[in-house]
Amino acid sequence: MPLPDIKSHSAKNEEGAKLLVPMSSPFLDLDPAGFGLSAELSADIRELDAVLGEILDAQEGREVAECARSLVGVDSDATAVPEDPAQIKRIARAFTVLFQLINAAEQKEIVRVNRARRGKRHNESIAEAIHTLKAKGRSADEVEALLNRLWICPTLTAHPTEARRRVVLDKILEITMALADKESGGAPNLRGPLGLQGRSHDAIRVALTELWQTDEMRQTSLTVPEEVRNALYFFERTILDVVPWLCEDLERALTEHYPDRRWKAPRLISYRSWVGGDRDGNPNVTPEITWQTLLDQRETVLNHYIEALDRLRWDLTNSVKLVPVTDEFEAQLRHDLSEVRLSEFELSRYSQERYVLKIRAMIERLRASMARVAALRQGLTLGSSIAYDAASEFLADLESMQRSLSANRGECIAEHSDLDRLIRKVKVFGFSLAALDVRQHSEEHLKAVSAMLAAAGVTDRYGDLDEPEKVELLSRELLNPRPLVSADFALPEPIRNVMETFRVIRRAKQELSADTIESYVISMTHGASDVLEVLLLAKEAGLFRVGAGNKIESDLDVAPLFETIEDLQGCGRLMASLYRLPVYRLHLEGRRASAGRSQALQEVMLGYSDSSKDGGYLAANWALYKAQRDLAAASREAGIGLRLFHGRGGTVGRGGGRANRAILSQPSGSFSGQIRFTEQGEVVSFRYGLR
């Protein structure tokens with residue numbers, strides 16, 4: 001396929017209007033079609049190559065492109081590579097930007113290909129999965145039971161392999177969207193000017209110029225609060241909106257293959273985060289940082305709900321002059337209006353639009369909830385009679401509205417509008433957005449427990465005990481109702497931080513919600529004592545409570561992380577020994593009751609990156625396979641449910657690759673329907689940068 005005539009393209013758009021594009025040459029004069037790429041992707045890459053050439057000529061002079069062309073052998077007569085380090089840096093940066101642009105074009109191509117498949121069954125889609133179940137003779141009841149077992153939990157981590165700034169990601173997204181604007185195929189665009197298609201080239205040039213003039217790297221090291229904001233960016237940009245789409249896709253597929261049943265997708269997916277909670281190897285993740293992270297997440301999701309309601313009020317303008325509301329809804333609204341102060345103007349203007357009044361009252365209640373968060377940031381407790389105490393209250397208001405619409409000839413609004421999507425969001429994200437995991441190294445727990453046992457006069461040589469002696473001592477202390485030390489006991493600084501982290505978890509569960517932090521991950525778990533030590537520290541903070549008859553109330557899942565070859569080889573035996581301990585069985589049963597589970601459940605994390613470093617890629621993968629088999633056998637024998645948490649990265653050496661193939665390759669019996677996996681570094685921006 002010949003290259004486009006850059007001169008003529010840059011002179012006129014589709015309507016012949018003159019564009020502000022100087023005559024120039026492409027950066028590398030790429031020919032993607034010669035490498036078997038699709039015509040659409042090839043055209044996008046050629047355009048990006050051409051625009052980059054224009055920008056480089058305008059910003060740096062032609063020498064940068066000439067040197068780059070020489071390096072890749074495009075132009076053997078071009079200027080030799082300069083010795084000036086600054087010029088070499090500019091050339092390297094030009095290549096970096098080109099690779100980022102090609103990645104952006106690839107993301108857009110993935111969307112184009114998926115959209116081209118619409119109406120057709122294709123592998124790896126939700127529709128194909130449901131079709132396969134139907135083809136295998138599964139009944140609607142069996143499929144529903146299967147779906148109710150599923151729980152999928154991607155977990156965002158703070159691994160700094162994604163070094164690009166948020167503003168850089170934004171500009172690349174603008175370029176991707178401009179490429180997409182070109183593909184309307186002549187269809188009328190009702191959201192922009194008449195010449196929108198012809199202006200996409202200019203839009204790419206503007207965004208690429210801004211990108212070239214923007215520092216890609218930060219001038220200072222990334223702080224933990226900045227890492228938190230980066231993670232929240234992807235929730236705001238993509239995740240909050242896409243989760244309802246997945247539910248709708250599932251319901252469409254179910255309705256197509258099982259039309260005799262009215263389907264409502266269960267909560268299949270949840271998100272969690274390590275950002276602001278992972279303190280293993282990062283001393284900057286302090287208890288205060290973890291607390292502020294929880295408040296940031298709450299503030300983000302509350303603000304998202306306020307904005308969603310503000311849009312919804314312009315949709316639900318149904319008038320009681322034309323269609324009634326249910327008695328239930330009317331009674332709730334009257335109660336709200338007796339508690340929430342709305343202006344006389346609003347009450348009069350929207351007196352017939354009862355849903356609008358309800359939404360206005362709900363917005364005020366959410367704002368009061370936001371005020372509580374602001375007070376907690378300052379160490380205050382702000383009482384408010386109108387603030388929502390829990391996401392369940394907010395959800396009840398939304399569902400009451402939905403029932404009223406359905407009962408009054410508004411079924412299509414109730415089930416296919418932004419109201420339904422907002423209800424789905426609240427069910428998945430609640431007021432916490434994403435439960436925050438806490439992770440810490442086992443050595444830190446050993447130090448803290450040793451100091452506290454010594455201070456309590458139990459033993460001053462805990463660290464010298466062998467493993468059976470540690471387990472016996474810890475089991476005995478866990479069933480002792482008294483704390484080891486008083487809450488105001490002066491612990492040394494590193495140990496105080498370990499203990500304060502557990503107190504922050506307790507505070508979050510009391511002042512925010514029980515689902516803010518649900519799992520505590522122990523790095524480098526080598527023995528059963530490493531798990532029991534965490535429970536003992538949780539007991540000191542009031543997260544593990546001993547009642548009459550040794551009945552345990554436990555508020556925290558404890559997840560051992562096995563990451564060396566040796567630990568992977570022995571993890572099945574270790575978990576079997578834990579399951580045999582009466583105190584640990586009591587913990588699992590107490591956790592089952594507090595979490596409302598039908599079965600006692602153990603979460604186990606497997607480390608892909610560190611195991612590869614420890615034993616090499618092949619040995620690590622074989623050890624991981626056998627570990628999953630052994631863990632499943634130990635849990636099955638003990639009658640304990642197993643949830644595997646896969647610490648996979650983006651690269652093959654960190655366990656990266658196709659997630660579906662990784663799931664299918666698990667040993668038989670190791671997958672119960674619940675799965676967690678990490679989303680790390682640059683993988684996050686690639687998967688979640690584009691809705």
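The values are calculated or read from the model by the stated rules, or taken from the named source; none is laboratory data. Computed from a predicted structure; not experimentally measured. In this analysis, Cβ positions are derived from the backbone assuming ideal geometry, glycine residues included, and neighbour counts consider all displayed protein chains. Accessible surface areas use protein heavy atoms only, side chains included; no ligands, DNA or RNA. Shrake-Rupley method; radii C 1.70, N 1.55, O 1.52, S 1.80 Å.
Test SER348 against the criterion of being open to solvent by 70 Å² or more (accessible area, probe 1.4 Å), at pLDDT below 95 and either of a type outside the set (A, V, I, L, M) or assigned to a helix (DSSP H, G or I) (or both), and give yes or no. Walk me through how you get there before you give the answer.
On the way: open to solvent by 70 Å² or more (accessible area, probe 1.4 Å): yes; at pLDDT below 95: no; either of a type outside the set (A, V, I, L, M) or assigned to a helix (DSSP H, G or I) (or both): yes.
Here the answer is no, as SER348 does not meet what is asked.
Across the stretch 373-395, what is the total count of residues that are over 25 Å from the mean Cα position of the chain (by Cα) and not β-branched (Val, Ile, Thr)?
First, the residues of the stretch 373-395 that are over 25 Å from the mean Cα position of the chain (by Cα): 375, 378-387.
Within this subset, residues satisfying the condition of being not β-branched (Val, Ile, Thr) are 375, 378-380, 382-385, 387.
So the answer is 9.
Does at least one position in the stretch 49-62 carry a residue that is charged (D, E, K, R) and within 35 Å of the chain's Cα centre (by Cα)?
Of the stretch 49-62, the ones charged (D, E, K, R) are 49, 54, 57, 60, 62.
Keeping just the survivors that are within 35 Å of the chain's Cα centre (by Cα) gives 49.
The answer is yes; a qualifying residue exists.
Cβ-Cβ under 9 Å, sequence separation 6+ or interchain: first residue in the stretch 651-662 and closer than 14 Å to SER612 by Cα, partner modelled with pLDDT of 65 or more and among the basic types (Lys, Arg). Which pairs?
Listed by first residue and then by second, the contacts come to GLY653/LYS613; ARG654/ARG648; GLY655/ARG648; GLY656/ARG648.
Would you confirm whether or not the stretch 497-514 contains a residue that is under 27 Å from the mean Cα position of the chain (by Cα) and without any contact (Cβ under 8 Å) to a residue 24 or more places away in the chain?
So far as the stretch 497-514 goes, yes, one or more of its residues are under 27 Å from the mean Cα position of the chain (by Cα) and without any contact (Cβ under 8 Å) to a residue 24 or more places away in the chain.
Limited to the stretch 666-688, what total is found for residues that are in contact with a helix residue (DSSP H, G or I) (Cβ under 9 Å, 6 or more places away or on another chain) and either open to solvent by 20 Å² or more (accessible area, probe 1.4 Å) or assigned to a helix (DSSP H, G or I) (or both)?
So the count comes out to 12.
Scan the stretch 99-109 and give yes if some residue there is buried (at least 20 other Cβ atoms within 10 Å of the Cβ), within 14 Å of LEU179 (Cα to Cα) and of a type in the set (Gly, Ala, Ser), otherwise no.
Yes, that holds for at least one residue.
In the stretch 459-493, which residues are at pLDDT 95 or above and touching an Asp or Glu at 6+ places or on another chain (Cβ under 7 Å)?
Across the stretch 459-493, the qualifying residue is only LEU474.
Do we find a residue being part of a helix (DSSP H, G or I) and open to solvent by 20 Å² or more (accessible area, probe 1.4 Å) anywhere in the stretch 256-279?
First pass over the stretch 256-279, keeping only residues part of a helix (DSSP H, G or I): 256-257.
Then keep just the ones that are open to solvent by 20 Å² or more (accessible area, probe 1.4 Å); that gives 256-257.
Yes, the stretch 256-279 contains a residue that is part of a helix (DSSP H, G or I) and open to solvent by 20 Å² or more (accessible area, probe 1.4 Å).
For the stretch 571-594, give me the residue count where each residue is open to solvent by 20 Å² or more (accessible area, probe 1.4 Å), of a type in the set (Gly, Ala, Ser) and under 27 Å from SER611 (Cβ atoms).
The qualifying residues number 2.
Mind listing just one residue for me: the one in the stretch 48-74 that is open to solvent by less than 10 Å² (accessible area, probe 1.4 Å) and either free of Cβ contacts under 8 Å to residues at least 24 places away in the same chain or β-branched (Val, Ile, Thr) (or both) and, of those, farthest from LYS182 (Cα to Cα)?
Let us first name the residues in the stretch 48-74 that are open to solvent by less than 10 Å² (accessible area, probe 1.4 Å), namely 48-56, 64-65, 67-68.
Remaining after also requiring either free of Cβ contacts under 8 Å to residues at least 24 places away in the same chain or β-branched (Val, Ile, Thr) (or both): 51, 55, 64.
Values: VAL51: 15, ILE55: 20, VAL64: 29 Å.
So, considering only residues that are open to solvent by less than 10 Å² (accessible area, probe 1.4 Å) and either free of Cβ contacts under 8 Å to residues at least 24 places away in the same chain or β-branched (Val, Ile, Thr) (or both), the one farthest from LYS182 (Cα to Cα) is VAL64.
Just to be sure, is ARG138 out of contact with any Cys (no Cβ under 9 Å at 6 or more places or on another chain) and closer than 26 Å to ASN660 by Cα? Spell out the reasoning first.
On the way: out of contact with any Cys (no Cβ under 9 Å at 6 or more places or on another chain): yes; closer than 26 Å to ASN660 by Cα: yes.
The answer is yes for ARG138.
For the stretch 11-124, please list each of the helices (runs of 4 or more DSSP H) lying entirely inside it that holds at least 3 residues being at pLDDT 90 or above. Full working, then the answer.
On the way: elements: 39-60, 63-71, 85-116.
Qualifying helices (runs of 4 or more DSSP H): 39-60, 85-116.
Would you confirm, using the coordinates I've provided, whether VAL438 is at pLDDT 95 or above, open to solvent by 30 Å² or more (accessible area, probe 1.4 Å) and not basic (Lys, Arg)?
On the way: at pLDDT 95 or above: yes; open to solvent by 30 Å² or more (accessible area, probe 1.4 Å): no; not basic (Lys, Arg): yes.
It is false that VAL438 is at pLDDT 95 or above, open to solvent by 30 Å² or more (accessible area, probe 1.4 Å) and not basic (Lys, Arg).
So, in the stretch 111-154, of the ones that are within 19 Å of VAL243 (Cβ to Cβ) and among the aliphatic types (A, V, I, L, M), which residue ends up surrounded by the most Cβ atoms within 10 Å (Cβ to Cβ)?
ILE130
Could you name every one of the strands (runs of 3 or more DSSP E) located completely within the stretch 515-570 that has at least 3 residues being under 27 Å from the mean Cα position of the chain (by Cα) and either touching a residue at least 24 places away in the same chain (Cβ under 8 Å) or surrounded by fewer than 24 Cβ atoms within 10 Å (Cβ to Cβ) (or both)?
On the way: elements: 519-523, 544-546, 552-554, 557-562.
Because the criterion is at least 3 residues that are under 27 Å from the mean Cα position of the chain (by Cα) and either touching a residue at least 24 places away in the same chain (Cβ under 8 Å) or surrounded by fewer than 24 Cβ atoms within 10 Å (Cβ to Cβ) (or both), the strands (runs of 3 or more DSSP E) in the stretch 515-570 that meet it are 519-523, 557-562.
Out of curiosity, is ASP296 open to solvent by less than 60 Å² (accessible area, probe 1.4 Å), closer than 26 Å to VAL224 by Cβ, in contact with an Asp or Glu (Cβ under 8 Å, 6 or more places away or on another chain) and among the acidic types (Asp, Glu)? Before you say what the answer is, go through the steps one by one.
Details: open to solvent by less than 60 Å² (accessible area, probe 1.4 Å): yes; closer than 26 Å to VAL224 by Cβ: yes; in contact with an Asp or Glu (Cβ under 8 Å, 6 or more places away or on another chain): no; among the acidic types (Asp, Glu): yes.
Answer is no for this residue.
Which residues, counting only those in the stretch 441-467, are in a helix (DSSP H, G or I), among the small types (Gly, Ala, Ser) and either within 30 Å of VAL373 (Cα to Cα) or open to solvent by 10 Å² or more (accessible area, probe 1.4 Å) (or both)? Let's see the steps before the verdict.
Pass one, the stretch 441-467, residues in a helix (DSSP H, G or I): 442-455, 462-464, 467.
With the extra rule that they be among the small types (Gly, Ala, Ser), the set shrinks to 442, 448, 450-451, 454-455, 463.
Matches in the stretch 441-467: SER450, ALA451, ALA454, ALA455, GLY463.
When the residues of the stretch 249-287 are narrowed to those that are basic (Lys, Arg) and in contact (Cβ under 8 Å) with a residue 12 or more places away in the chain, which ends up farthest from LEU150 (Cα to Cα)? It would help to see each step written out before you state the result.
Step one: of the stretch 249-287, the residues basic (Lys, Arg) are 252, 261-262, 264, 267, 272, 279.
Then drop every residue that is not in contact (Cβ under 8 Å) with a residue 12 or more places away in the chain, which leaves 252, 261, 264, 267, 272, 279.
Numbers: ARG252: 18, ARG261: 20, LYS264: 14, ARG267: 8, ARG272: 16, ARG279: 30 Å.
Looking at residues that are basic (Lys, Arg) and in contact (Cβ under 8 Å) with a residue 12 or more places away in the chain, I get ARG279.
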